[in-house]
1. Keeping to segment 41-60, report how many residues are under 21 Å from ARG234 (Cβ atoms) and surrounded by 15 or more Cβ atoms within 10 Å (Cβ to Cβ).
2. In the list ASN285, ASN269, ASN294, which residue meets the criterion of being open to solvent by less than 60 Å² (accessible area, probe 1.4 Å), closer than 30 Å to LEU558 by Cα and at pLDDT below 70?
3. Does segment 49-59 contain at least one residue that is outside any helix (DSSP H, G or I) and at pLDDT below 70?
4. Would a scan of segment 219-233 turn up a residue that is surrounded by fewer than 20 Cβ atoms within 10 Å (Cβ to Cβ), modelled with pLDDT of 85 or more and under 30 Å from PRO600 (Cβ atoms)?
5. Which residue out of ARG234, ARG222, ARG239, ARG210 is over 19 Å from ILE151 (Cα atoms) and touching a strand residue (DSSP E or B) at 6+ places or on another chain (Cβ under 8 Å)?
6. For the subset of segment 314-343 comprising residues that are small (Gly, Ala, Ser) and in contact with a helix residue (DSSP H, G or I) (Cβ under 6 Å, 6 or more places away or on another chain), which member is surrounded by the most Cβ atoms within 10 Å (Cβ to Cβ)?
7. Show me the strands (runs of 3 or more DSSP E) found entirely inside segment 552-653 where at least 2 residues are closer than 30 Å to GLU671 by Cβ and at pLDDT 90 or above.
Amino acid sequence: MSLIAKIQEKRKKKLLLSGMFSHFSAIYLIRLADNTYEEIQAETSFSNLLPKKGMISDIYRLLFIANKTGIQNSGSYDAFGFENLFRRENCSGSLDLYDTSQKTHYDYYVFKMSENEHLLIFIQNQNALTANQYEKLKIDTLQENYLFSMIVDLKKDTCQNLVVPEVNASRQDYVNLKFTEWRLIISNMFPPDDKNMFLMLTEPEYIIKRLETEKLFKYEIRMLNLSGEYIWVRLRFNRLDGFSKDMPIFVYSVQDINSDMVRLLQQENIISAVEEKNQQLTDINHAKSVFISNMSHEIRTPINAVLGMDEMIIRETTDETIRSYAYNIKSAGKMLLSIINDILDYSRIESGKMQICPVEYSLKTLIEDINSLIYIKLKEKGLTYNLDIDPTCPSTLFGDELRIKQVITNLLTNAVKYTEKGSVTFSVKGISQSNEEISLNIKISDTGIGMRSEEMHKLFTAFERLDEQRNHNIEGTGLGMSIVVRLLEQMNSRLEVESVYGKGSVFSFVLSQKIIDATPIGDVFSLQKTNSPQDNSTSLPYAPNAKILAVDDNQINLFVLKGFLKNTGIDFDYVQSGKECLEKISQKDYDLIFLDHLMPEMDGIETLKHIRALGSKYKTLPIVALTANVISDAKERYLNAGFSDFMEKPFVASDLKRILLTYLPHEYFQETE
């Protein structure tokens, strides 16, 4: 018999046994830890007397002391005091409430669920319950509102059922499984659109990150009920005392909130619905951020190994055939890295974590860098590259150089990608200027395939591709233009597009920048005559007196870094943990340390703190964060943590050269013969 069939059969028996208890006037969940209560279900009479959520004192004040008619229930209040409610395992009693000026008699029952949680139940016009009826009411109530509950130990990967013994028989499918197996089985009880969200919420690393800082977190979602229909439930993740990475034990429970959700969605309480939806979106963004951060680190680490070893082949081999293979690997690796960066950028923008960071920059240098980046792609396709740069533009401006370069490069790359023959033109014009600010009109035009007017809307939609049948062989994620539009919005600009199908397109935007140096940029038209890309195998300086230590738990990363420094004469040591790093620096003086961030036991930031705490020379010793974790504002975070600099994986020779020249003593460098 299937799990659903077993549950359905058990439900039928339960309903037959619980006839007199099938209707509750009200049920509230009371939490002692934070002195609050929450309505599970309630008739209109109770909803009029008591808010859905509030402090426990509200129950006494509104129900038992002065209800809406002002009639006192002091006797009931005395009987229902803290002594009875919280200090006994269970308790019961009766009282009269006045709703719409009518006296109504209720029996109340309190069940202790845990040290900090009780259920408070009201039933209208019930006679006193026998002991057996009392226990059955407790079981029915727990089943009615807490569909399932279990203890999870992530370290042992185990699940332990918390449902009362009478009900265990119908839920054996849930227990005696590894948690990692259980979550995959249970995920099939959610709608297809919500299945991935459930899997993300129950990812062990995500749960640990949330419960390290929160006592509990919850999420509302639809799930199959005992009749095989989708209902609204609340998933609750509640940490136990002593919760930590080493003891990751928590309670997982499923609460039936379908009637509340239906009422919420159908009635006038729109504000509450929006607030709950916003909380869901916050949880989704939090889970997505964790996932993207993990993806960034886990994918960049092997790419670092691939591109690093490929660079070593390029540097060391003299066989032109092998070199050509290596360059192809490098090109494909960079394409893969570009796709990953697009995904990460889009994620940062969607979660609101992409920030504009203005700096002083040289307009001429920016154009030269863009020209260098686009040159190889133009040469490979045999396209003509036209530069039209206004020589009167100021030489030094203030803006986010990195994001401006990213926008223009994306537009130029897109133009090259969709142009088979003809030309691509890059134009920069100053359309208005004051003493403090200039408006630049930046335009990229091509003689490519153009766009149909009816497909133009797809251009700015994430993951969409134009004219899919015609362009199926063109590489890309479909994110580039969406990223361009969102970045321009953050820089108070917008993208304008003109296109004729089969003839080409023009992309333009106006960008206001502060002027730092108004000296004209001059004639940079000669940039288009650049006839060779930058050397891909940047030579590193020779510094035989320098001593460098690298710390990384990944041995391949250490091997790649060692290969890069092979011909520099540098005395290079490496270890694979923070503890080994501290031992090593106590034995030998180093001029520079490369320190990975994500390592077991003692991570890079904790290791850094121990080093800086040694004082003396260690307070200023150059320590560079070497990491694949570049999800958001990485450089600023590492610098604020106390690192001297930051180098991301996969690293390139030019970045390594900059670090060496910046932080090693200048007298160490020697000319090679």
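1. 7
2. Numbers: ASN285 fails: closer than 30 Å to LEU558 by Cα; ASN269 fails: closer than 30 Å to LEU558 by Cα.
After applying the criteria, what remains is ASN294.
3. First, the residues of segment 49-59 that are outside any helix (DSSP H, G or I): 50-55.
Then drop every residue that is not at pLDDT below 70, which leaves none.
There is no residue in segment 49-59 that is outside any helix (DSSP H, G or I) and at pLDDT below 70.
4. Yes, the conditions are met somewhere in segment 219-233.
5. Numbers: ARG234 fails: over 19 Å from ILE151 (Cα atoms); ARG239 fails: over 19 Å from ILE151 (Cα atoms); ARG210 fails: over 19 Å from ILE151 (Cα atoms).
Answer to the check: ARG222.
6. Of all residues in segment 314-343, those small (Gly, Ala, Ser) come to 324, 326, 331-333, 338.
Narrowing the set further to residues that are in contact with a helix residue (DSSP H, G or I) (Cβ under 6 Å, 6 or more places away or on another chain) leaves 326, 333.
Working: ALA326: 21, GLY333: 18.
The qualifying residue surrounded by the most Cβ atoms within 10 Å (Cβ to Cβ) is ALA326.
7. Values: elements: 571-575, 592-595, 623-627, 645-648.
Here the list reads 571-575, 592-595, 623-627.
The rows are residues; the columns are (1) more than 30 Å from CYS581 (Cα to Cα); (2) modelled with pLDDT of 90 or more; (3) in a helix (DSSP H, G or I).
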{"position": "ASP467", "(1), (2), (3)": "yes, no, no"}
{"position": "THR477", "(1), (2), (3)": "yes, no, no"}
{"position": "VAL485", "(1), (2), (3)": "yes, no, yes"}
{"position": "SER493", "(1), (2), (3)": "yes, yes, no"}
{"position": "VAL497", "(1), (2), (3)": "yes, yes, no"}
{"position": "GLY502", "(1), (2), (3)": "yes, no, no"}
{"position": "SER505", "(1), (2), (3)": "yes, yes, no"}
{"position": "SER539", "(1), (2), (3)": "no, no, no"}
{"position": "ASN545", "(1), (2), (3)": "no, yes, no"}
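The values are calculated or read from the model by the stated rules, or taken from the named source; none is laboratory data. Every value quoted in this text rests on a predicted model; they were computed, and no experiment measured them. Here the Cβ is made from the backbone with ideal geometry for all residues, glycine too, and neighbour counts use every protein chain on show. Ligands, DNA and RNA are stripped out before the accessible areas are found, and what is left, the full protein with its side chains, is counted by its heavy atoms. Shrake-Rupley method; radii C 1.70, N 1.55, O 1.52, S 1.80 Å.
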